[in-house]
Structures are given as structure tokens and as C-alpha cells.
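Some notes on the structure that comes next.
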Ligand code: ADP
């Protein structure tokens, strides 16, 4: 199963991606997380990415496409994968089409998480991540940890991403509108997109996402 998750920052991609990938036993691949790992390790790639990420701009395509190409070449993706945060512009989408075509595979479905921009700003301002495992995500109001500042799952420190400040969020939304929305159209034209309203509770959004995935499996089997 090869699933792509698209949506503006704060739509809940990371939260849903972890759950969907666990449900389907496939790899969760987040370009944002891959870059943050590089930043923490202080690699050259991480330094390059950080100068763009902290001001809300996209990391250059040649860097991003290289990171994804390497990640998708690893054997653990054979059962499938869920891409979270890639592709984010048309050039990346075409590169992904090429990578998949060269391994004679294709995407099964694209889930487009939809959410009003005002809610995005509210959600991101309260978002906190675990330093030990960034897949553990909290919100100061909607899903607060039991002990303030500590992760419920592993006890790690919670922190706010430096690109989650309000001014940067507005820039990320602009980039989403101009660069990433055309990617949705690109996959619409291939009949792969299901819009998922992402305003409701986590479980409700998850149920809709899983429903769309199983419908797409039905379609794939019919073909
Ligand atoms: P969000 O979806 O909340 O914006 P991510 O963790 O997916 O957060 O991404 C954080 C930042 O990493 C983005 O704002 C961007 O700077 C960079 N990034 C992530 N994915 C890509 C990509 N596919 N192409 C270019 N830059 C990316």
C-alpha cells in the first residue's frame, strides 16, 4: 500500500500518519522528521535545511528529492509506505512519479486533509513535540500531556518547533497555497485524491482516512 498524505501545516498529518502507518503496518516517511534528524545530528544537509525551515521556506528540491530517493530505496518500504510532507511542489511530484515508475510501482491513494487556515494557526501555536520521539505529538489545549512539559509515552521533554511561531506559520501557509495545492490538482487528474475534513477529533479523521484507503484498495483490486 502506497499512500500520500497532503494538507497544510497543522492539518494533523503527523498525528494521522503515525496511526495510519501502524494500522497498515507500513513505513511512515516524513520529510520534516528526516530533516529534523539531520539538524539534530548537525550534518551538512541538516544545516542547509535549517536555514530554510526556520523561516518557513521549502528546502531546495535537489536536497529533498535526494533524501526521499534514498529513503524509498531501503528494503523496509517494500510492503508500502505513507509519505507525509512529500511531494510539496510539482517538481517533487514529478520526481516521485519517476521514482515509482522506475520500480514499477504506483501510488494507491492520496488523502488531502482539509482545514480552515484560522484553525491551523491556533493548532500550531499550541503544538508540542517530544524530543525523544517526534512522533509523540501533543497540544497544550486539545491533547495536553498528563504532566506539563513531559511526554506521556516515554517521559521525554516536550518542545515547540522553531518554525511553529506565528509569523513563520503564515509564510508556510502561503508556500502551501502557491506550491503544494497544485500537487493536489496533479493527483486529482490521476483520480487518486480523496478530501478528508480534518477539523474533527483525531479518531473521526482517522476513521475517514482508513475508509478512503480501503475504498481505494477495492478499486485497485477491481482494476
Ligand atoms: P508541516 O507539515 O507542519 O509544515 P513538516 O514537518 O512536514 O511540517 O515540515 C517542516 C518543514 O520542513 C517545512 O516547512 C519545510 O521547510 C521543510 N520540508 C518538509 N518537507 C519538505 C519538502 N517535501 N520539500 C521541501 N521542504 C520540506
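Rule-based calculations on the coordinates, nothing more; no lab input. Owing to the predicted nature of the structure, the values given are computational and were not obtained by experimental measurement. Heads up, the Cβs are rebuilt from the backbone with ideal geometry, glycines too, and the neighbour counts pull from every protein chain shown.
Exposure proxy shown here: for 178, 143, the number of other Cβ atoms within 10 Å sets the order, fewest to most, as 178, 143. Each peptide among 5-11, 114-120 gets the average number of other Cβ atoms lying within 10 Å of its residues, and from highest to lowest they stand as 5-11, 114-120. Just to be sure I follow: if Rg is taken over the C-alpha atoms of the chain and Rh is the Kirkwood radius over the same atoms, what is Rg/Rh? Expressed as Rg/Rh, it is 0.94.
Pull out a ≥ b ≥ c, the square roots of the eigenvalues of the alpha-carbon gyration tensor of the range 3-82, then state rounded if a/c is under 1.5, prolate if not and a/b is larger than b/c, and oblate in the remaining case. Judged from the Cα gyration tensor, the range 3-82 comes out oblate (a/c at least 1.5, b/c at or above a/b).
Relative to one another, the C-alpha centroids of the range 126-172 and the range 48-88 are positioned 21 Å apart. The packing ranking, built from the mean of other Cβ atoms within 10 Å per residue, places the peptides 15-21, 93-99, 186-192 in the order 15-21, 93-99, 186-192, highest first. Helical content of the chain, expressed as a calculated mean residue ellipticity at 222 nm, amounts to -14500 deg cm²/dmol (DSSP H runs of 4 or more residues, -39,500 (n - 2.57) each, divided by residue number, nearest 500). What shape does the range 163-223 take by its C-alpha gyration tensor, where a ≥ b ≥ c are the square roots of the eigenvalues and a/c under 1.5 counts as rounded, a/b above b/c as prolate, and the rest as oblate? It is oblate, given that a/c is not under 1.5 and a/b is not larger than b/c. Packing, as the average of other Cβ atoms within 10 Å across residues, places the peptides 29-35, 211-217, 134-140 in the order 29-35, 134-140, 211-217, highest first.
Relative contact order of the chain: 29 percent, from C-alpha pairs under 8 Å at least 6 residues apart in sequence.
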